[in-house]
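I have placed the structure first, in the form of C-alpha cells, so that the comments after it can refer back to it.
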Amino acid sequence: MSASSTHVLDQPGREWWRTAVIYQIYPRSFADADGDGMGDLAGITNRLPALLELGIDAIWLSPFYTSPQRDAGYDVADYCDVDPLFGTLADFDLMLNTAHASGIRVIVDLVPNHTSSDHPWFQAALAAGAGSEERGRYIFRDGRGENGELPPNNWDSVFGGRAWTRVTDRDGVPGQWYVHLFDSSQPDLDWQNPWVREQFRGILRFWLDRGVDGFRVDVAHGMIKADGLPDYHPPVDGGSMGGGTASLEPSISAEPEVPAPYWAQDGVHEIYRDWRELLEEYPGERILAAEAWVDPLSHVARWVRADEMHQAFNFAYLETPWEGAALKAVINASLDAFGAVGAPSTWVLSNHDVVRHASRLALTADNLQGAGIGPKTVGLPDQAVGLRRARAATSLMLSLPGSSYLYQGEELGLPEVIDLPDSARQDPTWFRSNGERYGRDGCRVPIPWEATAPSYGFGPSQASWLPQPTEWALLARDRQDGVPGSTLELYKQALRLRRDLCLGTGTVEWLDGFGKDVVAYRNGAVTVIGNTGSASVGLPDGEVLLSSDALGSGRVLPADTTVWLRV
C-alpha cells in the first residue's frame, strides 16, 4: 500500500457549513402529529431528538409554504406563510427554536424560478391582460402561426409535454402563452424584471428575520432565459432536467456544454451576488445552497465563487455508478473544481427527486433523475445487493472532506417503493408523461418509526398520503435503534467518527495497490477502503474503526463493503 497523490481541501475558513452533515426533511413524509396522513411541522419538532441522536448538524426542509400542492409544495402561492397542511407560522417558530436549542441549524427551501398559478401575482397577471405591468412579472408571449395558435417556441417541460400554455382572455378569446418549465400550474417568473428581484429580497429577509440559517435554492440553474427565447434542440443524451445540462453520467471535463436557453445563463450569477450581500448583513453564517443541475463540475463551481453561494449539490457524485475508477475520478474532479474557488465539495447520494440509493445502486439499467422506477421497469434492483452497496457507499461518502447531505429514511436503509398502485401516484411527471415515467413518489413514501404502531409511527392514525409497504415494519427505527450491525447504528457510528476524527476538514491522499475496483485513500488518521468489485481483497494491518458489513475471515474485505482503519 503506497500513497500516490494528495488532495487538500482548500479551506480559507472554519465556517460550520464547510463540514456540516445536513439532513433533508421532506415535511409531508417525515412525521405527522395530527393524524391526517400528512407530515407537519409539529411532527418534525416531536422527532428532533432522534435527529440529535443521529448526529447531524443541520436540517433542510423542503417547501412547507402555502400551496395548492400540485407539485408537493414546489408550487408556492405565498412565500411568507405556512400551508395549513403543515401547521402555522407559530409551529414553524417553535420547530426552529427547538432545533436551535438542540444545536441543529435550519435551512429552508426557496423556489424562485416559478410560482403557483394560484399565486396572487399570477392571478393579477391573468386579469390585467397583454402588455400590462402585471404580466411583465412572468414570461407571457404572443403565439406563432396565423392566429397565435402555436406556442412561441419549441421548449419542452421537464415533466413532459410542451413548456407553454395558452390562456383564455376575459372575452373568451384565446390569448397569449406563458412559459412553465415544469407543470402548467408553475408559471416561470421573469427575473429580468426588477420588481421580481425586489420581492424576493423581501422574502429572504422575512425568513432571515425569523432566524433561519439559510436557503436551499430550487432550480438554481434556472430563472434567467436567453434573450429572444430561441428554439432549442437538446442532444439525444440530454440531461436529467430536460435540457442537456446534466446527464446520468455527468461530465467532469474542463469545458461545459452550451446550455439550453433556459438553464445556466450567465445572468443568474448577478442575482446570487445580490443575495449573498443581503445574507451577510445577518449574523451567524447564513448560507445559500444551490440545486444546480449543470455539467461539468468546473461549471457548477461558478455557483459557489466567493461572492455567490456557499454550497452547490454535487449531482455528478450522486449519479456516479458504484465503480471504483468512476468514483475516484469524480472525487478528484469535485475536490479540484470546488477547491479552485475556495468552496467545500458537497456529497449526496439520495434526495426527494431521485431513486433512493438503496435501490438505485443495484439497478441494471440507467435511470434518469425524476423518471423513477415501478413494476414495469426493466432490470429492477435486487434489494439485498442494493442495501449492501448503499451502506458501503454511505460509509465512503461520510469519510470524505467537505459537507454531506442525507435524505430522510436513508439511515434506515429504506429502498425505493416500487409497487405503488397507479391510483395512488401524485407526481406531475406521472400524469404529464401519461404514465411513461413513474416519477418521484417512490422515494417520498412516509417513513417508518415504530414497527407495530399505526402507519408505522408516521402518525397517530393509519392515514398516510402515500401507501406504505409492509416491509416498513422490518425497517422501522425502533427495530434498528441500539441493534449492532443495523443500518441506523452504522450511520450513528459513521457520523460520530466523522466528527471525532475531523474528517470533514481533512484531505484525500490516494493509496495504490488495491486494483481498479477499489477506492482507497487516507484522510488524516483514517485509511478508507471501499470495494466496489465482485472479488474480495486483502486488508492491511490496523484497527477497524467502521465496516459497512462484516469482514471476511483472515482480514478480507468482501465485495460491496467499505472499511475505515486506523493503520
Evaluation of Thr377 against (1) over 11 Å from Asp560 (Cα atoms); (2) touching a helix residue (DSSP H, G or I) at 6+ places or on another chain (Cβ under 7 Å); (3) open to solvent by 10 Å² or more (accessible area, probe 1.4 Å); (4) not basic (Lys, Arg) (one fails), failing number: (2)
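One line per residue, one yes/no per condition, for (1) under 21 Å from the mean Cα position of the chain (by Cα); (2) free of Cβ contacts under 8 Å to residues at least 60 places away in the same chain; (3) open to solvent by 30 Å² or more (accessible area, probe 1.4 Å):
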site	(1), (2), (3)
Asp422	no, yes, yes
Gly442	yes, no, no
Phe458	no, no, no
Pro467	no, yes, yes
Segments classed as helices (runs of 4 or more DSSP H), wholly inside the stretch 275-369, with at least 2 members that are open to solvent by 30 Å² or more (accessible area, probe 1.4 Å): 324-339
When residues of the stretch 155-184 are limited to those that are open to solvent by less than 20 Å² (accessible area, probe 1.4 Å) and of a type in the set (Gly, Ala, Ser), the one nearest to Gly145 (Cα to Cα): Gly175
Qualifying positions in the stretch 31-51 - open to solvent by 10 Å² or more (accessible area, probe 1.4 Å), in contact with a helix residue (DSSP H, G or I) (Cβ under 9 Å, 6 or more places away or on another chain) and assigned to a helix (DSSP H, G or I): Ala42, Thr45, Arg47, Ala50
From the options Val544, Val563, residue that is of a type outside the set (Lys, Arg), modelled with pLDDT of 95 or more and either assigned to a helix (DSSP H, G or I) or surrounded by 18 or more Cβ atoms within 10 Å (Cβ to Cβ) (or both): Val563
Check on Leu414, crowded, with 16+ Cβ neighbours inside 10 Å and in a loop (DSSP other than H, G, I, E, B): yes
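Let's see how each residue does on (1) surrounded by fewer than 24 Cβ atoms within 10 Å (Cβ to Cβ); (2) out of contact with any His (no Cβ under 6 Å at 6 or more places or on another chain); (3) closer than 26 Å to Asp36 by Cα:
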site	(1), (2), (3)
Ala72	yes, yes, yes
Ala77	yes, no, yes
Asp81	yes, yes, yes
Pro84	yes, yes, yes
Thr88	yes, yes, yes
His100	yes, yes, no
Ala124	yes, yes, no
Boolean, Ala306 is more than 30 Å from Ser547 (Cβ to Cβ), modelled with pLDDT of 95 or more and in contact with a His (Cβ under 7 Å, 6 or more places away or on another chain): no
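The values are calculated or read from the model by the stated rules, or taken from the named source; none is laboratory data. Computed from a predicted model, the values in this text were never measured in an experiment. A quick note on method: Cβ atoms are made from the backbone with ideal geometry, for glycine too, and the neighbour counts reach across all protein chains shown. Please note that ligands, DNA and RNA were not included when accessible areas were found on the heavy atoms of the full protein model with its side chains. Shrake-Rupley method; radii C 1.70, N 1.55, O 1.52, S 1.80 Å.
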